[in-house]
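Before any comments, here is the structure.
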Amino acid sequence: SKGTYEFYMLKEIDEQPSVMRKISQTYFDENDDVKVDPKIIDSISKADRIYIYAAGTSYHAGLVGKTMLEHYTGIPTEVGLASEAGYHFPMMSKNPFFIFLTQSGETADSRVVLKEVNKRNIPSLTITNVEGSTLSREADYTMLLEAGPEIAVASTKAYTAQIAVQAVLAKALGEALNKAEAKDWNLKHDLAIAAEGMQQLVDSKESLKEIADKYLIKSRNAFYIGRGIDYAVALEGALKLKEVSYIQTEGFAAAELKHGTISLIEKDTPVIALINDPATADLTRGNIQEVVSRGANVVTIAGKDFAREGDNVVLPTINYYMSALLTVVPAQLLAYYASKDKGLDVDKPRNLAKSVTVE
Ligand code: F6R
């Protein structure tokens with residue numbers, strides 16, 4: 001039940017620290033060793049390429065998963081939109097392995113791809129929140145998100161759970177492949193850092209309400225920008241904001257703005273900038289200057305190690321590969337308050353259903 005919450009979306013945002021702890025309990029044993037069904041690890045470790053397919057928010061979680069899987073396992077990983085692959089099947093490597101990310105386990109677009117995967121006898125894993133769901137039954141293997149039921153149409157805790165479970169998979173697979181990056185990675189510690197950081201962010205949610213009220217609710221449009229993993233989170237932040245607040249929002253790779261889209265920046269256009277990528281933080285600051293000088297209202301969400309005077313939200317320090325777990329929380333809260341303070345039905349945006357069972 002919603003308990004004292006007006007909307008499930010906020011309840012589910014607030015539950016994310018405990019979801020991180022649940023995933024940690026589920027996927028680590030009493031010796032703090034990562035624990036994944038050995039049959040899954042055995043099967044994926046034979047792959048020369050991993051293909052992740054998903055839709056919407058789950059696709060955005062896959063973009064983060066790709067980065068982690070490649071870094072910790074060394075296996076090249078592709079991410080695609082299920083709806084595009086169903087009828088234009090990607091070119092296959094010799095030994096492919098498919099991962100389906102799906103909160104509901106019922107998304108029709110993903111089911112079409114899995115059917116084709118099964119026809120070709122390619123091994124597959126579904127990462128889902130719903131035990132016994134169709135995509136779980138039809139794939140060879142399942143890993144559960146352990147996020148608890150997600151009721152709000154806009155996905156929040158399933159997104160962070162998908163990232164955390166992909167991290168578990170990357171750790172277990174990388175260790176099996178004897179990768180130093182994976183063996184040296186204290187993921188259990190990182191999950192605890194993520195849980196604490198999320199708690200800090202949800203405890204200071206009032207500041208996001210103020211930003212939403214000041215910069216977003218009166219605006220017709222908005223932008224999210226970032227590079228690296230921040231770009232993946234920019235896409236998710238934009239989807240979240242537009243789907244629940246109806247403010248047309250685009251997520252952009254920060255450097256791409258100047259290749260065209262910057263012509264849309266006017267006085268007071270909100271631009272939310274994400275700055276957590278050590279390799280590009282300074283470059284993104286440059287891109288922020290470009291939109292500030294065209295009159296944009298810039299909201300900066302920066303990791304503690306990259307923060308500057310005047311940043312709107314400062315995120316606790318975390319492993320870059322896990323940073324999406326924290327960066328997304330203020331983005332979720334901005335979407336929530338923009339919707340609620342416009343008087344909209346946060347949990348049931350118009351035209352949307354929780355599970356999309358048509359192609
Ligand atoms: C957006 C959202 C959708 C779903 C998408 C896939 O907030 O919830 O974009 O992520 O419909 O759904 P699942 O993960 O159930 O396959």
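The values are calculated or read from the model by the stated rules, or taken from the named source; none is laboratory data. Computed from a predicted model, the values in this text were never measured in an experiment. Cβ atoms come from the backbone with ideal geometry, glycine included; neighbour counts cover every protein chain shown. Side chains included, ligands, DNA and RNA excluded: accessible areas come from the protein's heavy atoms. Shrake-Rupley method; radii C 1.70, N 1.55, O 1.52, S 1.80 Å.
Its alpha carbons considered, the range 235-324 gives a radius of gyration followed by a Dmax of 13.1, 36 Å.
With 0.36 nm allotted per residue and the present C-alpha distance subtracted, the Leu283-Thr317 stretch has 10.3 nm of extension available.
At 222 nm, what helix-only mean residue ellipticity would the chain give, in deg cm²/dmol to the nearest 500, using -39500 (n - 2.57) for each DSSP H run of four or more? It comes out at -14000 deg cm²/dmol, rounded to the nearest 500.
Across Arg111, Arg137, the residue with the most accessible area heads the list, and the full order at a 1.4 Å probe is Arg137, Arg111. Here the convex hull built on the C-alpha positions of the range 53-109 has a volume of 80 cubic angstrom per residue.
Pairs with C-alpha atoms separated by more than 25 Å, drawn from the list Lys94/Lys240; Lys214/Lys340; Lys35/Lys183; Lys205/Lys348; Lys11/Lys209, are Lys94/Lys240. For the range 211-281, the list of trypsin sites (Lys or Arg not before Pro) that fall in a loop by DSSP and count at most 14 other C-beta atoms within 10 angstrom reads Lys218, Arg220, Lys267. Modelled spin-label separation between Lys218 and Ser293, with each label point placed 7 Å from Cα along the Cα-to-Cβ direction: 2.7 nm.
The loop-placed GluC sites (Glu not before Pro) in the range 1-62, going by DSSP, that have at most 12 neighbouring Cβ atoms within 10 Å of their Cβ come out as Glu6, Glu30.
Entry comment: accessible area of the chain is 41 Å² per residue, from protein heavy atoms only and a probe of 1.4 Å. With N the number of residues in the chain, Rg(Cα) / (2.2 N^0.38 Å) evaluates to 0.95. Dipole size of the range 158-211 about its Cα centre, with +1 on Lys/Arg Cβ and -1 on Asp/Glu Cβ: approximately 200 debye, rounded to the nearest 20. Compared with the alpha-carbon gap, the fully stretched path from Tyr87 to Lys119 is longer by 10.1 nm at 0.36 nm per residue. For a paramagnetic label modelled on Asp345 (point 7 Å from Cα along Cα→Cβ), amide N atoms under 12 Å away belong, within the range 151-178, to 153. Can you list the residues of the range 132-174 with backbone N under 18 Å from a point 7 Å past the Cα of Ala192, pointing along Cα to Cβ? Residues 168 fall inside that zone.
Once the gyration tensor of the Cα atoms in the range 1-132 is diagonalised, the equivalent ellipsoid follows with semi-axes of 28, 21, 13 Å, ordered largest first.
Quick one: if the Förster radius is 56 Å, what FRET efficiency do Ser1 and Ser263 give, using the C-beta to C-beta distance and rounding to 0.05? Working from the Cβ atoms, E equals 0.70. The solvent-accessible area of His189, taken with every protein chain present and a 1.4 Å probe, is close to 100 Å². When the charge dipole of the range 264-359 is built from unit charges on Cβ atoms (+1 for Lys and Arg, -1 for Asp and Glu) and taken about the Cα centre, the candidate among Ile288, Ala324, Tyr336 whose Cα reaches farthest toward its positive end is Tyr336.
Counting protein heavy atoms only, the range 1-123 has 48 percent of its accessible area on carbon and sulfur, 1.4 angstrom probe. Here the range 179-242 yields Rg over Rh of 1.11, to two decimals, using C-alpha coordinates and the Kirkwood radius. Each 5 Å bin from zero holds the following percent of Cα-Cα pairs in the range 253-303: 5, 22, 34, 25, 11, 3.
The trypsin sites (Lys or Arg not before Pro) of the range 10-61 that meet both conditions, a loop assignment by DSSP and at most 11 other Cβ atoms within 10 Å of the site Cβ, are Lys46. For Glu116, the accessible area of its heavy atoms, probed at 1.4 Å with every protein chain present, is near 40 square angstrom.
Name the most mobile residue of Ile23, Ile262, Ile225, meaning the one with the largest mean-square fluctuation, in a Gaussian network model of the chain with Cα contacts below 10 Å. Comparing Ile23, Ile262, Ile225 in the GNM, the peak value goes to Ile262. The distance separating the Cα centre of the range 64-106 from that of the range 254-326 comes to 28 Å. Under a model in which nothing but the beta-carbon of Lys, Arg (+1) and Asp, Glu (-1) is charged, the range 1-124 shows a dipole of about 460 debye around its Cα centre.
Using a Förster distance of 51 angstrom, determine the FRET efficiency expected from the C-beta separation of Glu131 and Ser207, and round it to 0.05. The computed FRET efficiency comes out at 0.85.
Taking the Cα centre of the chain as reference, the dipole from Cβ charges on Lys and Arg (+1) and Asp and Glu (-1) amounts to some 660 debye.
Solvent-accessible area assigned to carbon and sulfur over the range 128-192 amounts to 44 percent, based on a 1.4 Å probe.
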